[in-house]
Amino acid sequence: AVSFWSYVWAGGAIRKVGNIEDSRDLSIGQVAVAGAWSGVPLAAIFGPTDRIKCLMQVDNSGKYRNFMDCLAKTYHDGGLRSVFRGTGSCVLRDVPGNAAYFGTYECIKRWSCQLEGLEQASTVGTLFAGGCAGVANWIVAIPIDTLKSRLQTAPNGTYKNLFDVFQSLVRTEGPTALFRGLSPALLRAFPANAACLCGVETVKGLLEKR
């Protein structure tokens, strides 16, 4: 919801600055810029949540009983700085990832309209565009996501910053380690985002008819 709201807001701002009428489509580049902006509030909100989630996923000792317990202990160990560790990495992941997501979606949706001779994308076209958008997002985002997860789950003092994580990972495991887990991510991303964006377009259409 945060991502889509931010995307719509950014699109409106681009129209206002560029004096673009509502009847005209934004260019794919402008759509990508709006998508990139949507990644900023998304990362700011979900960065700390992602940090706690990652800590719980690698907790094999039973240190954390639940989400709130993990949050409290993380705060106790390092304050807000510890809770927000990796949030900047989330921005670096979500800004280009969301640019690719919305740019790809709009590009393929328009292409499907031309192919089918329709003014608005069909359900099949929307599903395909949504699936491709999810794939594009993860292809762009997964290297930073890998580094972010390493940074967020490492003991305090292990890494100085994200670039330090990058150097260590490439040196010890090779460049391909940046894309570890890409295949299952793509297998999940296509159907999940196809359904998500089809649902968004369906609701949007119903609201516009009211």
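Among the residues in segment 46-62, are any within 20 Å of Ile142 (Cα to Cα), at pLDDT 90 or above and among the charged types (D, E, K, R)?
No, the conditions are met nowhere in segment 46-62.
For Arg85, all conditions in the list (1) surrounded by 21 or more Cβ atoms within 10 Å (Cβ to Cβ); (2) under 30 Å from Val200 (Cβ atoms) hold save one; what is the number of the exception?
Against the list (1) surrounded by 21 or more Cβ atoms within 10 Å (Cβ to Cβ); (2) under 30 Å from Val200 (Cβ atoms), Arg85 comes up short only on (2).
Mind counting the residues in segment 21-55 that are surrounded by fewer than 16 Cβ atoms within 10 Å (Cβ to Cβ) and not in a helix (DSSP H, G or I)?
Looking only at that region, the number is 6.
Restricting segment 3-20 to residues that are surrounded by 15 or more Cβ atoms within 10 Å (Cβ to Cβ) and of a type outside the set (Phe, Trp, Tyr), which is farthest from the chain's Cα centre (by Cα)?
The qualifying residue farthest from the chain's Cα centre (by Cα) is Ile20.
Restricting to helices (runs of 4 or more DSSP H) lying wholly in segment 91-210: which have 2 or more residues that are among the hydroxyl-bearing types (Ser, Thr, Tyr) and open to solvent by 30 Å² or more (accessible area, probe 1.4 Å)?
Once the helices (runs of 4 or more DSSP H) in segment 91-210 are filtered for at least 2 residues that are among the hydroxyl-bearing types (Ser, Thr, Tyr) and open to solvent by 30 Å² or more (accessible area, probe 1.4 Å), what remains is 123-153, 182-209.
Please state which of the following conditions Phe128 fails to meet, knowing it meets all the rest: (1) under 13 Å from the mean Cα position of the chain (by Cα); (2) aromatic (Phe, Trp, Tyr); (3) more than 20 Å from Val33 (Cβ to Cβ).
(1)
Under 9 Å between Cβ atoms, at least 6 apart or on separate chains: pull out the pairs that start in segment 176-193 with a residue that is touching a residue at least 40 places away in the same chain (Cβ under 8 Å) and end on any residue that is among the aromatic types (Phe, Trp, Tyr) and open to solvent by less than 40 Å² (accessible area, probe 1.4 Å).
Filtered contacts from segment 176-193: Asn193/Tyr101; Asn193/Tyr105.
State all residues of segment 83-127 that are closer than 30 Å to Asp69 by Cα and of a type in the set (Ser, Thr, Tyr); if no residue qualifies, say none.
The answer is Thr87, Ser89.
Kindly evaluate Ala72 against the criterion of being at pLDDT 90 or above and either over 20 Å from Ala141 (Cα atoms) or assigned to a helix (DSSP H, G or I) (or both).
For Ala72, the condition - at pLDDT 90 or above and either over 20 Å from Ala141 (Cα atoms) or assigned to a helix (DSSP H, G or I) (or both) - is met.
Determine whether Ala192 is under 22 Å from Thr49 (Cβ atoms), touching a Gly at 6+ places or on another chain (Cβ under 9 Å) and among the aliphatic types (A, V, I, L, M).
Yes: the conditions hold for Ala192.
The values are calculated or read from the model by the stated rules, or taken from the named source; none is laboratory data. Keep in mind that what you see is a predicted model, and the values were worked out from it rather than measured. Neighbour counts are summed over all protein chains in view; Cβ atoms, including those assigned to glycine, are modelled from backbone coordinates with ideal geometry. For accessibility, only protein heavy atoms count, side chains too; no ligands or nucleic acids. Shrake-Rupley method; radii C 1.70, N 1.55, O 1.52, S 1.80 Å.
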